[in-house]
Amino acid sequence: MLLIQSGTVFIGDKFVKKDILIDNGIIVDIGTNLKGTEKIDASGMLVLPGLIDPHVHLREPGATHKEDFTTGSRAAIAGGFTTVMDMPNNTTPTTTKERLEEKMKLAKQKAVCDVLFHFGGTDDNFDEVKKANPPSLKLYLGETTGMLVLKNQNSLEKHFVNFPAERPIVLHASDHSPDEEINLGKTYATVENAISLANKHKRKIHIAHASTKKEIDLAIRSKNCTVEVAPHYLFLSTNDLERLGPMGKVYPPLRSEQKRIHLWKSLENVDCIATDHAPHTIEDKESGSAGFPGLETSLALMLKGCDLGFIDKLWLIPKMSEQVASIFNIEKKGQIKKGFIGDITIVDPKKVWKVDTSELETKCKWSPFEGIEFKGKVHTVIKSGKIVYREYCFV
Ligand code: NCD
Ligand code: ZN
């Protein structure tokens, strides 16, 4: 029986001073003066539900020189995430039942956190989608890393009809034409079209990595549509491109300083935060790969947003846990609640730190946030009732 004692615990929608008791991987009691056999003193700490990231690229199989299930899941735990949802744009995309099962097997052998999988939709894999019966489907409506993009205009609506309506279809709507006016125009048109189709078929869709206020404004008009934002669009802009050079390339591209500020102002309308952890080696970045690692810096960035007064922790925590579980129908996770899985993230809110790239768990060993000072660091992580990370180290 694991007892987490005297922490400031996020329960429901507020912080309260409580003890938590976990037995057999499940939260069995929340109260005061509880007794357990193994103890964690959480006084002065924030005790959060294990965070859930709906958008990561762990690269295995196919590009394990960038990341694999071991390193990617360790990066997740170090960043406070006990569950991540892996994207299907592997070098051999996850578009058949067999490939999905291969990935699940690898993750089971290697990952230290829970890994769920988005399945990839193509112009002709409707039967495979049915066979694989995944919890969510990802459709690429614009080109990005990997070959997974819908070419046929009719495929979108066919997938909308083919896939169960209560399970979200995640959409990569962004275009990456170099001209911003063109890429944003295309992105907005794609989002609008997808929303009207979702309304027509009364089905759930989820817009991946929104980078502008307009995408959020479009999404909130429909009750069938949810939307995520990645922290890098809140903290980096085209002003950083000169400093970052090729390391600053990401899809969707970084936006102007003005758009970045507008994104903060409409953040209250987003449904969840996603890292879009997209690791590439420094060498791959120098030859043009797009994407940032994000698992180990996203919580710290969002806590910085709280310190700066842009958002409140009471708003933030559910957007990185309960809300993600709700969008993707993940049961018994995302909240500290009796009967829920014992996934807990304990944060020292006073710990000041900076990214040391040599200490990162991600295999890519770089970060666009190197040098920024953070306050608040993941101290301890409990996965299904087991301590996997304690005092900033894996056990
Ligand atoms: C992602 C990748 O590298 O897989 N890159 C990125 O810049 N975000 C692809 C994606 O999320 O579209
Ligand atoms: Zn992505």
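The values are calculated or read from the model by the stated rules, or taken from the named source; none is laboratory data. Everything numeric here is computed off the predicted structure, so don't read it as measured data. Note that each Cβ is placed from the backbone with ideal geometry, even for glycine, and that neighbours are counted across all protein chains shown. Ligands, DNA and RNA are stripped out before the accessible areas are found, and what is left, the full protein with its side chains, is counted by its heavy atoms. Shrake-Rupley method; radii C 1.70, N 1.55, O 1.52, S 1.80 Å.
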Nearest-ten-degree value, helix 257-266 long axis tilted from longest Cα axis of the chain: 60
Inter-site label distance for ASN199 and LYS386 at 7 Å from Cα along Cβ, in nm: 4.9
Percent RCO, i.e. relative contact order, over the chain, from Cα pairs under 8 Å lying at least 6 residues apart: 20
Bridge type composition, segment 1-54 - antiparallel percent by DSSP, nearest 5: 70
Fluctuation leader among HIS65, HIS176, HIS159 - the chain, Gaussian network, Cα springs under 10 angstrom: HIS65
Angle between the chain longest axis and helix 97-110 axis [Cα atoms, degrees, rounded to 10]: 30
Accessible area per residue in Å² at 1.4 Å probe, computed on segment 1-141: 39
Residues of segment 320-395: accessible area per residue with a 1.4 Å probe, Å²: 45
Residue among PRO279, PRO164, PRO293 with the largest mean-square fluctuation in a Gaussian network model of the chain, springs linking Cα atoms under 10 Å: PRO164
With every protein chain in place, the chain: carbon and sulfur % of accessible area (1.4 Å): 48
Low-density loop positions, GluC sites (Glu not before Pro), segment 132-189 - DSSP coil, at most 11 other Cβ in 10 Å: GLU166
Charge tally in the Cβ shell below 12 Å around TYR392, where Lys, Arg are +1 and Asp, Glu are -1, TYR392 excluded: -3
Over 29 Å between alpha carbons, listed pairs LYS103/LYS337; LYS39/LYS333; LYS204/LYS319; LYS130/LYS338; LYS332/LYS363: LYS103/LYS337; LYS130/LYS338; LYS332/LYS363
